[in-house]
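The values are calculated or read from the model by the stated rules, or taken from the named source; none is laboratory data. Note that the coordinates shown come from a computational prediction; the quantities given were computed from them, not determined experimentally. Because the Cβ atoms are built from the backbone with ideal geometry, glycine has one as well, and the counts that use them run over all protein chains shown. All accessible areas refer to the heavy atoms of the entire protein, side chains included, with ligands and DNA or RNA removed. Shrake-Rupley method; radii C 1.70, N 1.55, O 1.52, S 1.80 Å.
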Amino acid sequence: TPYLNTQERAFAFLAFGKIAHKTKDSDITASIKSNGKEISKFSGKNLTITDNALLNSKITIETTGKGQLYYFWMTKGLTNDGSFKQEDSYLRARKTFYNRWGQQVDLNNIKQNDLITVKISLQSATGTYVENVVITDILPAGFEIENDRIRATASQTWIKDQAKPEHEDMRDDRINLYVTATSTITNYYYTVRAVSPGIFKMGPVMADAMYNEEYHSYNGAGIVKISK
């Protein structure tokens, strides 16, 4: 199991205490350099660096004094050309679009005010039981989620396999579903309205295990065209 039991958590807490005791007399300082040029200094307090000098540069950290210095590096953002990596790692998430009669929709031929049902399918690719999975589907700018209290999918009798997430979070630009993935394909549905004419980029549906980033799936990006 990937989760710690109570005894393991207690020993981990004690270990942190020993580390803190070991480092209490530390007087270490550091100079952070980008391509040989100093961009910041560490003098014992937490330091966060967001300088653009970090981009495409060789970063070095030179320390003085005694003790140990810990750091981590995190990057995030979008590619210049909008590209992304589609992959399934232990999970398999897919999304499909239908009209109100259950016919699959051509995303290049949507009319303003069309009501569209989005089906999100999730499966554990290896057959293992994966808890605490978050499905995130960010809408293209021309779509708007229908009022959840109306429950438009309830009147669409062609939907026979709608699963209920453990929790759902509907926002202006996305929907988050908190679920468990199993070897059986599970389908979740929600409805959107095509509100704005234009050509819009659509990101992939994303499924991530909250406590193990190795378990994820990203799939289904494309272009949505909405006409008057």
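Find which of Gly198, Asn176, Asn187 sits farthest along the positive direction of the dipole of segment 155-207, computed with +1 on the beta-carbon of Lys and Arg, -1 on that of Asp and Glu, about the Cα centre. Toward the positive end, the furthest listed residue is Gly198.
Here the accessible area of segment 164-228 is 49 percent carbon and sulfur, with a 1.4 angstrom probe and all protein chains present. The distance linking segment 48-123 with segment 179-228 is 12 Å (Cα centroid to Cα centroid, whole angstrom).
Close amide H partners of Asp114, meaning residues 5 or more places away or on another chain with modelled amide H under 5 Å apart, are Ala194. Computed with a 1.4 Å probe over protein heavy atoms only, the accessible surface of the chain comes to 68 Å² per residue. Computed from label points 7 Å out along Cα-Cβ, the spacing between Ser196 and Tyr178 is 3.0 nm.
What's the angle, to the nearest 10 degrees (0 to 90), between helix 6-22's Cα axis and the longest principal axis of the chain? Approximately 40 degrees, to the nearest ten. Counting protein heavy atoms only, segment 39-114 has 46 percent of its accessible area on carbon and sulfur, 1.4 angstrom probe. When the pairs Lys85/Lys119; Lys111/Lys164; Lys18/Lys41; Lys18/Lys45; Lys85/Lys164; Lys41/Lys66 are compared against a 25 Å limit on Cα-Cα distance, Lys111/Lys164; Lys18/Lys41; Lys85/Lys164 fall above it. In terms of its C-alpha gyration tensor, segment 152-199 comes out oblate, because a/c is 1.5 or above while a/b does not outweigh b/c. Computed per residue of the chain from DSSP H runs no shorter than four, each worth -39500 (n - 2.57), the mean residue ellipticity at 222 nm is -2500 deg cm²/dmol. Here's the list of aspartates and glutamates a cross-link from Lys37 could span, going by alpha-carbon distance under 19 Å and ignoring same-chain residues fewer than 8 apart: Asp51, Glu62. Karplus-based coupling profile of segment 167-175, in residue order and whole Hz: 7, 9, 9, 9, 10, 5, 10, 6, 10, with θ = phi - 60° in 6.51 cos²θ - 1.76 cosθ + 1.60 and x standing for Gly or Pro. Taking segment 193-228 and a reference point 7 angstrom along Cα→Cβ of Glu8, the backbone N atoms nearer than 16 Å belong to 211-213. The HN-Hα couplings worked out from phi for segment 116-133 by the Karplus form 6.51 cos²θ - 1.76 cosθ + 1.60 (θ = phi - 60°) are 10, 9, 9, 9, 10, 10, 10, 8, 6, 5, 9, x, 7, 8, 10, 8, 6, 9 Hz, whole numbers, x standing for Gly and Pro.
For Gly142, the amide hydrogen comes within under 5 Å of no other amide hydrogen, counting only partners 5 or more places away or on other chains and with H modelled in the peptide plane.
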